[in-house]
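A.B. asks: The structure is given below, and queries will be raised subsequently.
All of the numbers you see were taken from the coordinates with simple rules; none came from a lab. Since the structure is predicted, the reported quantities are computational estimates derived from the model, not experimental observations. Quick reminder, even Gly has a Cβ in these numbers, built from the backbone with ideal geometry, and neighbours come from all protein chains shown.
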Amino acid sequence: MAGLDQLKQTFFDECSEALQQIESGLPEILGGANSEDTINAVFRSVHSVKGGAGIFGFEDLVKFAHVFETVLDAMRGGKLAATQEIVDRLLQANDVLSDLIGMSRSGEAIPPDHGCESRAALEQILRENLPGEHADNDAPAPADFEGLDFVPVTAEQLQASGGAGEYRLVFRPKPDLLKKANEPLYILRELRKLGRLDLLAETDRLPALAEIEADRPYLGWTGTLRTEAGRQAIEEIFEFVNGDCELEITSLAPEIPGAGDGGEEPPVPAAVEPEADASLAKAEATRSPQSAPQAPIARETSEAATAAQTKAKPAAAATTTRIELEKIDRAVNMVGELVIAQAMLGQVVHGLPEDVRSRLVQVVDEVAHHTRELKDSVMSMRAQQVNAVFQRMPRLVRELAAKTAKKVRLEMVGETTEVDRSIIERLGDPLTHIIRNSLDHGIETPTERRAAGKSEEGTIRLAAEHRGGRIVIEISDDGAGINSERVLQKARERGLIGPEAVLAEDEINNLIFLPGFSTAEKISDISGRGVGMDVVRRNIQDVGGRISLRSERGRGMTIQLALPLTLAVMDGMVIRVGSETYVMPMSAIVECLRPPASDIHALIGTSGMLKIRGNLVPLVQLRELLDITAAGTSSDERVVIVSDAGEGTRFGIVVDELCGHQQVVVKSIEESYGSVPGIAGATILGNGRVAFILDVEKLSDIASSQNVQTGIARFANGGKEIAAVVNRDWGKSGPPRRTEKAVG
Amino acid sequence: MPVAAALKVLVVDDQNSVRQMTRLILEEIGIRYIHEAENGRQAMATAALQPLDLIISDFNMPEMDGLALLRAVRGHPAARKIPFILLTGRGDRELVVKAAQAGVNNYMIKPFTRDILRHKIEQVMGKLS
């Protein structure tokens, strides 16, 4: 079977979804909200895994899923109450299920005792609570239920019993019918829609032409109607002319109750009266050898009926289609190209003579508008609800709380907020780490909390929302907050800051983002896994996000993550340095200004400091850093872009010109050039030129380390150069020669 | 004797992999016209529009399960004569009794083999050629 391997993959993909459904559903069962629907959904998920595993021949999976399913089925039927203990066992069972699926997927041999404990636990639940129930299904599936009195119904029998009804019709309009503005022709047409109509017009009452009165009906009709609609449907057609005509509707074949009206009542099954059916079949066969062909119109009406039926149901879950990610990525790429082409078009039109341009501008605007909408909708296809990550957290919190003997409640807000899946994928680890930290270091033990006058149960709140084109995720707790003295002490011990440094509380708190920082008294197996908040920060920054922290001693702390909605398209500021054009992410820009030369001060070990509103900000000379030699603007014309390196540190980037704000499509350069420090990617601008996208923070790191090195080198040179550096005025000295290029 | 290649069959299952697998097996049996639906509601829309010779439906599906679908089919003027085979789990004995009352033609316990599927279809449609 050619497609079998692919089908197995499909099955395993479904399993992953099922596992998630189970994982998120089980705790909800305890919560009690909509628990019936939830249990059903969880049951169905396990059932699907089992069903698929059976078909694809994963016997171990079937056996385990079966026990799992049996317990859920008992809960579903109300025979088993959902206690914390049982739900915990079920969550463990889900882990085993997940293992088994993973092993089946990779083709590993499953150790015979794998999941034995969990299985035994489930079986014990069944034994203890439902003595009659047993989950034994080691035998292969039978073809039939033994001892069940079931006789298959053949298509022929069905045809006979459920066949169409045949009616004899007599319809003779009376004079009033026309006077009331009814038209017999329309009635006949309606009848024909019901099925097969054979009519004979009675013309015997038709007078001579001269005697005909226009508003008197002279014709009558007799005939047969073969229809699958019931008598009621026929009577409805005559509803408005009833009384204004002679009407006879007689059934020729036995009618089926409930037919034609949406089926509240199932028809009598054929299996019940096989003999009667057989004779019916014969009778019908003589009347009409073929099954009644359906007129297309009848199908339309029946479709409309179904539509009406479905409409009446409560709003259903959105239907979904599974699309390979690759296909969506291709669409995203194409849209990216389209955005570029559209920008180019805009520029070309801009350069046209006035008379041509005015005619084109509107069309170009239209194209721009649609392109933007297309981009948004394609991007939304890649979007996923943050719930995909959030749903893993309740369990994490529950387990950690149990381990640390703390009482913690997790609140989640805005789980349906959507964000690009590439970001979702990279959100899991940082979130897990932050929540671990909150629970381990933030939330106090119940005793401590009582002593502090708080409720014993701590709260961790996880909230997501869209704010200004970004997604903001806040993780807050009502724990002890950051102990800034201890943080300061640790930072000093580890030499992260000088012994004399004086820091504001905020700055101290931000020290926890420094590499090599961990305040845990001893490394616990919860948060001390060698991964610090610096890694969390790096993860967030890698996707173009920012992390910030607020802490209030004794009241708790909040960590805020601000992330872009997508990685594929970005808001950028196009800048020029010499002859080179670059793009800087808008998210990195705090403000842009053109300072007078007098505000810029030289300082050893820096490329100059800029004084803004009384604060000194180190400058990064992009021109030097990127080794651009082409002449630029005079020093007074230069622009400083103030950027935020996170944790409150700011620095200024000196450029020649701001060219404008533009949405740019991010293209990776890593495949071709590997990772280039300071360059985040590349894009194509409206004029068709390729521009690099700067990794602003990395640039500042490179600049400061170089500055320190050159500063040290100059000291080592016996201070010869110090004077030159000190005297170096902004812009007057040429770019210093370097032996090492930052980017190259 | 119905010709397998001419039969129009609708396969209803919410699980894509199982649906595809059923399709694969049906194709091995020689059936060429295979429609698919993910749930009862979709199936009903198809049954109302397409001339079908057979519906093979899973029982356990969200929104509208196989039994509800069967009842809807049997109550629908255009679809009610379409033969219906219900797929059940091995524990769904009572379900089959209900399905029989609702007018099911046959049932089949999952997982099934090609031979069983063929046998179950032939019990309803007559020997396939």
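A.B. asks: Explain nothing, just compute: Karplus ³J(HN,Hα) = 6.51 cos²θ - 1.76 cosθ + 1.60, θ = phi - 60°, for every residue of the range A:44-52 in order, whole Hz, x for Gly and Pro.
C.D. replies: Along the range A:44-52, the couplings run 4, 4, 5, 4, 5, 4, 5, x, x Hz.
A.B. asks: Now, a different point. Please go through the residue pairs A:K63/A:K327; A:K403/A:K490; A:K63/B:K98; A:K50/A:K407 and name each one whose alpha carbons sit more than 30 Å apart in this structure. Kindly include the intermediate steps, with their values, before the conclusion.
C.D. replies: On the way: A:K63/A:K327 36 Å; A:K403/A:K490 26 Å; A:K63/B:K98 27 Å; A:K50/A:K407 36 Å.
Among A:K63/A:K327; A:K403/A:K490; A:K63/B:K98; A:K50/A:K407, the Cα-Cα distance tops 30 Å for A:K63/A:K327; A:K50/A:K407.
A.B. asks: Could you compute the net charge surrounding A:E28? Neighbours are other residues with a C-beta less than 15 Å from the C-beta of A:E28; K and R count +1, D and E count -1.
C.D. replies: Values: positive: A:R44, A:R76, A:R392, A:R395, A:R398, A:R409; negative: A:E23, A:E36, A:D37, A:D88, A:E411, A:E415.
After counting each charged neighbour, the total is 0.
A.B. asks: Taking Rh as the Kirkwood radius, which is the inverse of the mean 1/r over Cα pairs, what is the Rg/Rh value for the range A:4-129? It would help to have the intermediate numbers written out before the result.
C.D. replies: On the way: Rg = 13.9 Å, Rh = 14.5 Å.
Dividing the radius of gyration by the Kirkwood radius yields 0.96.
A.B. asks: If you count the DSSP beta bridges with both ends in the range A:387-564, what percent of them are antiparallel, to the nearest 5?
C.D. replies: Working: 23 of 30 bridges.
Bridges in the range A:387-564 are about 75 percent antiparallel.
A.B. asks: What does the net charge come to around A:G115 if you take all other residues with beta carbon closer than 10 Å to its beta carbon, with K and R at +1 and D and E at -1?
C.D. replies: Values: positive: A:K63, A:R119; negative: A:D60, A:D95, A:D99, A:D113, A:E117.
Local net charge: -3.
A.B. asks: Would you mind giving the average projected area, over all directions, of the Cα convex hull of the range A:325-385 in nm² with one decimal? Please list the in-between numbers first.
C.D. replies: Working: hull surface 16.9 nm².
Mean shadow area of the hull around the Cα atoms is 4.2 nm².
A.B. asks: If I model a spin label at B:K127 and A:E108 as a point 7 Å from the Cα along the Cα→Cβ vector, what separation in nanometres do I get?
C.D. replies: About 5.1 nm, to one decimal.
A.B. asks: Let me ask something else. Could you work out how far apart the two model spin labels at A:E456 and A:E337 are, taking each label as a point 7 Å from the Cα in the direction of the beta carbon, and quote it in nm?
C.D. replies: Label at A:E456, label at A:E337, 6.5 nm between them.
A.B. asks: Counting other beta carbons within 10 Å of each residue's own, what order do A:V364, A:V151, B:V73, A:V536 fall into, fewest first?
C.D. replies: A:V151, A:V364, A:V536, B:V73
A.B. asks: A further question follows. Please give the residues of the range A:477-505, grouped as numeric ranges, whose backbone N is less than 17 Å from a label point set 7 Å along the Cα-to-Cβ vector of A:R555.
C.D. replies: It comes to A:477-484, A:505, nothing else.
A.B. asks: Let me know the Rg and Dmax you get for the range A:596-706 when you use only its Cα atoms, in Å.
C.D. replies: That works out to 15.0, 45 Å for Rg and Dmax.
A.B. asks: I'm a student and want to see the number: the projected area of the Cα convex hull of the range A:456-505, averaged over all directions, in nm².
C.D. replies: Answer in nm², one decimal: 5.8.
A.B. asks: Roughly what would the spin-label model give for A:S380 and A:M586, points 7 Å off Cα along C-beta, in nm?
C.D. replies: In this crude label model, A:S380 to A:M586 measures out at 2.0 nm.
A.B. asks: Which FRET efficiency value, to the nearest 0.05, is calculated for A:I212 and B:V3 with the Förster distance at 41 angstrom and r the Cβ-Cβ distance?
C.D. replies: The value I calculate is 0.15.
A.B. asks: To continue, here is another question. What does the C-alpha gyration tensor say about the overall shape of the range B:4-125? Classify as rounded when a/c is under 1.5, otherwise prolate if a/b is larger than b/c, or oblate.
C.D. replies: rounded
A.B. asks: Only counting other Cβ atoms within 10 Å, I'd like A:Y673, A:Y218, A:Y167 sorted with the fewest neighbours first.
C.D. replies: Details: A:Y673 10, A:Y218 16, A:Y167 25.
The order, fewest Cβ neighbours first, is A:Y673, A:Y218, A:Y167.
A.B. asks: If I take all pairs of Cα atoms in the range A:657-701, what percentage of them are more than 16 Å from each other?
C.D. replies: 42
A.B. asks: Sorted from largest down, give the three principal axis spans of the alpha carbons of the range A:530-616, whole angstrom values.
C.D. replies: 45, 37, 25
A.B. asks: Please give the charge dipole size of the range A:6-81, origin at the Cα centre, charges +1 on K and R Cβ atoms and -1 on D and E Cβ atoms. Round to the nearest 20 debye.
C.D. replies: About 220 debye.
A.B. asks: Is any residue of the range A:89-131 close enough, with backbone N under 16 Å, to a label point placed 7 angstrom from the Cα of A:L4 along the Cα-Cβ axis, and if so, which?
C.D. replies: Inside the label zone: A:105, A:107.
A.B. asks: Still on this structure, please answer the following. Which peptide among A:118-129, A:7-18 comes first, and what is the full order, when sorted by highest mean count of other Cβ atoms within 10 Å?
C.D. replies: Descending packing order for the listed peptides: A:7-18, A:118-129.
A.B. asks: Could you check how many percent of all C-alpha pairs in the range B:59-129 are farther apart than 18 Å?
C.D. replies: I get 41 percent for the Cα pairs in the range B:59-129 exceeding 18 Å.
A.B. asks: In chain B, which longest range has no trypsin sites (Lys or Arg not before Pro) that are both DSSP loop (not H, G, I, E or B) and surrounded by at most 15 other Cβ atoms within 10 Å?
C.D. replies: B:33-126
A.B. asks: Now, a different point. Whole-Hz ³J(HN,Hα) for each residue in the range A:189-203, computed from phi via Karplus 6.51 cos²θ - 1.76 cosθ + 1.60 with θ = phi - 60°, x for glycine and proline: what do you get?
C.D. replies: Whole-Hz 3J(HN,Hα) from phi for the range A:189-203: 5, 4, 4, 5, 5, 6, x, 9, 10, 10, 10, 10, 7, 8, 9.
A.B. asks: So, one more: Excluding B:M1 itself, what net charge comes from residues whose Cβ is under 11 Å from its Cβ, given Lys and Arg +1 and Asp and Glu -1?
C.D. replies: Summing Lys/Arg as +1 and Asp/Glu as -1 gives 0.
A.B. asks: In whole Å, what are the Cα extents of the range A:387-564 along the three principal axes, biggest one first?
C.D. replies: 45, 36, 28
A.B. asks: Here is a further query. In which sequence would A:V87, A:V640 go, from the one with the fewest C-beta neighbours within 10 Å to the one with the most? List each step's numbers first, then the result.
C.D. replies: Numbers: A:V87 17, A:V640 23.
By the 10 Å Cβ count, ascending, the order reads A:V87, A:V640.
A.B. asks: Using 1/(1 + (r/R0)^6) with R0 = 51 angstrom and r between the beta carbons of A:F517 and A:L148, what's the FRET efficiency to the nearest 0.05?
C.D. replies: Once rounded, the FRET efficiency stands at 0.15.
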